[in-house]
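A.B. asks: Encoded as structure tokens, here's the structure I'll be asking about.
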Amino acid sequence: MSTAADQLVAPAALTNGQQSVVVATSNGQKEPKEPQQQIENIKSTSPKPGAMPSLKLNKMPSASSKEKRVYKIVLTGGPCGGKTTGQSRLCTFFENLGWKVFRVPETATVLLSGGVKFSDLTEKEAYKFQENLIRTMVQIENTYFELGNSSTRNCLIICDRGVMDASAYISKDKWEKMMAGNKWNSVEMRDNRYNQILHLVSAANGAEEFYSTEDHACRSEGVDLARELDYKSAAAWVGHPYFDVIDNSTNFETKMNRMIESVCQKLGIDIGDRLQATSRKLKYLIAVLPPDSAFPPFQDFDVVHHYLQSAGPKVQARLRKRGQKNHWSYIHTQRRPNVHGQARIEVKTQLTHRDYMNLLAQRDDAHFTIYKKRRCFLINNQYFQLDIYKEPGHPRCKGLVLLETYSSLTGDALKNCMPKFLNIVKEVTGDPDYSMFNLSLKEDWSTTKKFCRTATHVTGATNGVSSTPLVCPWPNCP
């Protein structure tokens, strides 16, 4: 097995065949009016509080090169979901890998343990308390984020809830008023501030016999209220690009392993057989987009993908721009070939707008730019993303609608959790005809040498849900 350090080589891409861009993990920021134009003139700037290091230019790294990572996650969920135990397990696991781990305390617990009772507050006091809670949370988190940035080791920062959790305890109108009054926006607070969100479903939802309030001084919710709060806390994070729901479909020990596995997958860490692989990405073709009224509460995003010239024939690199109301987050994704039995290793890095603009100079002219509307929603504790392809693009993408989710479920259990209001034509997991890499190719599939082919045909049943995903052995397939 390779070590974690061996897997954590930063993404690299060629610049005119000479220089390479080595991307250090970076927090997205608002777009500057005049982004720097020349790649070779990029200089490192001092990050704002809570921001992560900016993009740096170095020579092409060797296989043994190492880039420090700062990875910020939020553990959220309803009461009695396993957040406290999850923090401890993640801390032990990553410290054993040689990482520095910081655990950000839950701000609400800190403040409420000082004698604050919501039932004693007036409406105005409660509103101001929530507003000050968020400000306090941001400052506490920024303190740990700065420590992570200055650390010489890879650093995992675990936040016990995040800023969006506050919206679960306030009406939508008051939340929007608070956001506007403080000039906050969801893209910055939800998408750019944290790398990954892990929702640990409350025991009140699926493991009722284990639900208890005895071991938590600030917890008094009954089962029904706990379920409601669990749903609200999940809904608060719908729209984050890396939102994982860890439900109670397994025993608690396996639930904790699934949580750790999810973080390792996103980081591209080879865990070998230390944790049983459970969750996999599934993709389905949708016949037609139903009206908005058929959906549960959802978040829509504009998404733009650019494929880049890669550093080698077995490496794929692309940029993603994702936003709402002209607020954007930027991601660099690099996919590497099979390593130690893992089907694919994917490293995702947040970028600033300036870094994104500079990397656009490396666009691969063999591919169209992909434009989508991405709709995110939650059903039955399962998180879904619906990609609605938009023009301009290749005619093969016209009217295309694809549903994606990650799940460890199989058979009827998987089928029962799928959205009933969507007309699923078939499962297309691993089908090269629905690979975004292939869909974006400018050349005709029958003549191009770039088409990513798979040796296995799709077995998904029409109008049904197949439980057997396919993994393309070719390195370029998404």
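The values are calculated or read from the model by the stated rules, or taken from the named source; none is laboratory data. Only a predicted model underlies this, so the values are computations on that prediction, with no experimental measurement involved. Here the Cβ is made from the backbone with ideal geometry for all residues, glycine too, and neighbour counts use every protein chain on show. Quick note on the areas: whole protein, heavy atoms, side chains included, nothing else; ligands and nucleic acids left out. Shrake-Rupley method; radii C 1.70, N 1.55, O 1.52, S 1.80 Å.
A.B. asks: How much area per residue is accessible in the range 70-267 when the probe is 1.4 Å and only protein heavy atoms are counted (Å²)?
C.D. replies: Per residue, the range 70-267 has 43 Å² of solvent-accessible surface.
A.B. asks: Could you name the aspartates and glutamates whose alpha carbon sits less than 13 Å from that of residue 372, not counting residues in the same chain fewer than 8 places away?
C.D. replies: 300, 302, 387, 391
A.B. asks: In addition: All other residues with a Cβ under 15 Å from the Cβ of residue 444 taken together, and with Lys, Arg as +1 and Asp, Glu as -1, what is their net charge?
C.D. replies: +3
A.B. asks: With +1 assigned to the C-beta of every Lys and Arg and -1 to the C-beta of every Asp and Glu, and no other charges, what is the dipole magnitude of the range 70-267 about the Cα centre in debye, to the nearest 20?
C.D. replies: Values: 23 positive and 26 negative charges, 139 e Å.
Computed charge dipole of the range 70-267: roughly 660 debye.
A.B. asks: Around residue 435, which amide H atoms from residues at least 5 apart in sequence, or from another chain, sit under 5 Å from its own amide H, with H modelled in the peptide plane?
C.D. replies: Result for residue 435 returns nothing.
A.B. asks: If amide hydrogens are placed 1.01 Å from N in the peptide plane, which non-local residues have theirs closer than 5 Å to the one on residue 236?
C.D. replies: So residue 236 has HN proximity to no qualifying residue.
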